[in-house]
Amino acid sequence: MRESSTPYMKTIVDLPIAVTATSRASMDSQLDEAVAVAKAKALREGRRGILVTQHDGSSFTVDLSYDVPFGLTREHRAW
């Protein structure tokens, strides 16, 4: 679950986080936020790394994975 980065609003979101971008700028900002959320959860847990999977040109998922060592972030293309 994640807490929103906004200090005034705490929203809980489960992983994986789906990101669908409409522009390069939105893709970068959405992925940065999703990775930050996953990193916070990974640090609390201390067992899994972060896996960013690109499903096509504009859709991604960000999740924790036992296949990625703790402390690392890896990218994977699903196509």
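Bear in mind these aren't lab numbers, they're just calculated from the coordinates by the rules spelled out. Predicted model only: the values in this text are computed from it and were never measured. Using ideal geometry, Cβ is built from the backbone for each residue, glycine included, and neighbour counts are taken over all protein chains shown.
For the listed peptides 55-68, 21-34, a ranking on the average number of other beta carbons within 10 Å per residue, highest first, reads 55-68, 21-34. Between the residues M27, A42, S58, the greatest Cα displacement towards the positive end of the dipole of segment 17-77, with unit charges on the Cβ of Lys, Arg, Asp and Glu, is found for A42.
In terms of overall dimensions, the C-alpha atoms belonging to segment 17-77 reach 33, 20, 14 Å along their principal axes, ordered largest to smallest. Amide H to amide H distances under 5 Å link G49 with S65, V68, F70, where only residues 5 or more positions off or on other chains count and H is placed in the peptide plane.
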